[in-house]
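Right, I'll just put the structure down here and ask away after.
Each value in this text was obtained by applying a stated rule to the coordinates, not by laboratory testing. These numbers come from a predicted model, not from an experiment. As a convention, Cβ positions derive from the backbone with ideal geometry for all residues, glycine included, and neighbour counts pool all protein chains shown.
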Amino acid sequence: MNISSLVRPNISRLTPYSSGKAEFSGTAQVYLDTNENPFGDNITNRYPDPIQRKLVEAITRQKSEQFSCSLLPENIALGNGSDEILDAFVRIFCVPGKESIAFCTPTFGMYRVVADMNDVSSLALPLDSSFNLDVPRILDEAKHAKILFLCSPNNPTGNSMSAERIEEILQQFSGIVVLDEAYIDFCPEKSFLPRLSEFPRLAITQTFSKAWGMAGVRLGMCFSSPEITELLFRIKMPYHINVLTAQHALERLQNPSRFQEEQNIILSERSRLEQELPHFSCVLRVFPSDANSLLVQFSHAEEVFHHLLSAGIIVRNFAKVPRLEGCLRISVGSPQENTLLLKTISSFSASQ
Ligand SMILES: *Cc1c(COP(=O)(O)O)cnc(C)c1O
């Protein structure tokens, strides 16, 4: 199915808002076009660039290098966090009250939330026993869904989906596939970014919130065919990426060595936790992870959760969630934080 026939009719017809800043992209001496206050630092008193040309170019370069591929600016749309992009997909493709999306559980909770917010129904299909994609079931049961959200590496399980299975879905599913690669910086060799041009109905979302250490900055990205990029541009709020976000991200992109150093520490700390945690009697299982978190099954998960809490350590409690019974999701912290975590779990084990 081609993309334009999947788009909601009102979005196809939409004439986007045209901002002063979008109509004129050169430099001028005097800006009297957008009712700004002329006083101030000439940065924060001005509206941001609605197309974020410089930032998009910097991301194009960095991502092409990081993932050994050749992206173009027309493959990239930005979002105020990648959550905003997930919502945009539902609004572009799904008619409220009529159409549906699908995703595979257990997974990131926002897919259901963005569907619910838009009065779009969601189909939650179970991942198989190793938290991998159940391709025949997806192709059968999700065949009428407009969008299929896949998350690899998956949150909260931490594992990546098999590339062969993702590929099979990309070849056979007739709607839009949004592949959420929020954690891909921790396993860049598994990204589908180098294969983007093979699949016109594939969109890949990534974020600066996890590996890049900019969760507070709110900047997400979507990589897709120019046709999908254009749709994301069409429905975005004119100035959704603010001046400070763009400035901060540009500075960080100019210094990728810090990114690499932090990455190395996080990955070696993840290995340390993977090795140490199984030594405690209360730990039943540490699930394999390609992300910066570990899903850990405990014999007394609620007690461990509260024991950690009373020591001032907050982890994510999935103990009562179907298929994640007894599990806590633990983010990989700094070396000192992880040492404190291990010490606290050790004191729980000793008290049992
Ligand atoms: C954290 C997370 C996001 C959200 O990222 P933002 O860019 O901070 O909005 C998206 N998907 C998954 C799977 C996540 O874990």
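How far is it, in nm, from the label point at V243 to the one at S12 when both lie 7 Å from their Cα along the line to the Cβ?
4.0
Moving on. Within a Cβ distance under 15 Å of T27, other residues only, what is the Lys/Arg minus Asp/Glu net charge?
+1
On to the next question. So for region 107-210, averaging the separation of alpha carbon pairs under 8 Å that are six or more residues apart and normalising by length, what relative contact order in percent results?
24
To make sure I understand, if each residue's beta carbon is the centre and we count other beta carbons within 10 Å, what order do D180, D49, D116 fall in, fewest to most?
Placing the least packed residue first, the sequence is D116, D49, D180.
Where in region 230-269 does the amide nitrogen come within less than 20 Å of the point 7 Å from the Cα of N42, taken along Cα to Cβ?
Taking a point 7 Å out along Cα→Cβ of N42, the residues of region 230-269 whose backbone N falls under 20 Å are 243-248, 251.
Among I313, I11, I345, which comes first, then next, by fewest other beta-carbon atoms within 10 Å?
I11, I313, I345
Another question, if that's okay. Which of these, Y17, Y183, Y239, has the largest mean-square fluctuation under a Gaussian network model of the chain (Cα springs below 10 Å)?
Comparing Y17, Y183, Y239 in a Gaussian network model of the chain, the most mobile one is Y17.
Next up: In whole angstrom, note down how far apart the Cα centers of region 121-178 and region 201-240 are.
What the calculation gives is 21 Å, centre to centre.
Only bridges whose two residues both fall in the chain count here: according to DSSP, what percent of them are antiparallel, nearest 5?
Close to 50 percent.
Still on this structure: Kirkwood hydrodynamic radius of region 1-59 from all distinct Cα pairs, in Å?
It works out to 14.5 Å.
Also: Sequence gap at least 6, Cα distance under 8 Å: using those rules, report the relative contact order of region 217-352 to the nearest whole percent.
19
Per the Kirkwood definition applied to all pairs of different Cα atoms, how many angstroms is the hydrodynamic radius of region 236-352?
Radius from the Kirkwood sum: 16.1 Å.
Can you give the relative contact order of the chain as a percent, counting alpha carbon pairs under 8 Å and 6+ residues apart?
Taking the mean separation of contacting Cα pairs over the length of the chain, I get 17 percent.
Let me ask something else about it. Calculate, for H306 and Q62, the FRET efficiency according to 1/(1 + (r/R0)^6) with r their C-beta to C-beta distance and R0 45 Å; round to the nearest 0.05.
The pair H306/Q62 has a calculated efficiency of 0.60.
Within the set of other residues whose C-beta is less than 12 Å from the C-beta of K146, count the net charge using Lys and Arg as +1 and Asp and Glu as -1.
Within the 12 Å Cβ shell, the charges total +4.
Need one number: nm distance between label points at Q254 and S121, each 7 Å from Cα along Cα→Cβ, rounded to one decimal.
Between Q254 and S121, the simple spin-label model gives 5.3 nm.
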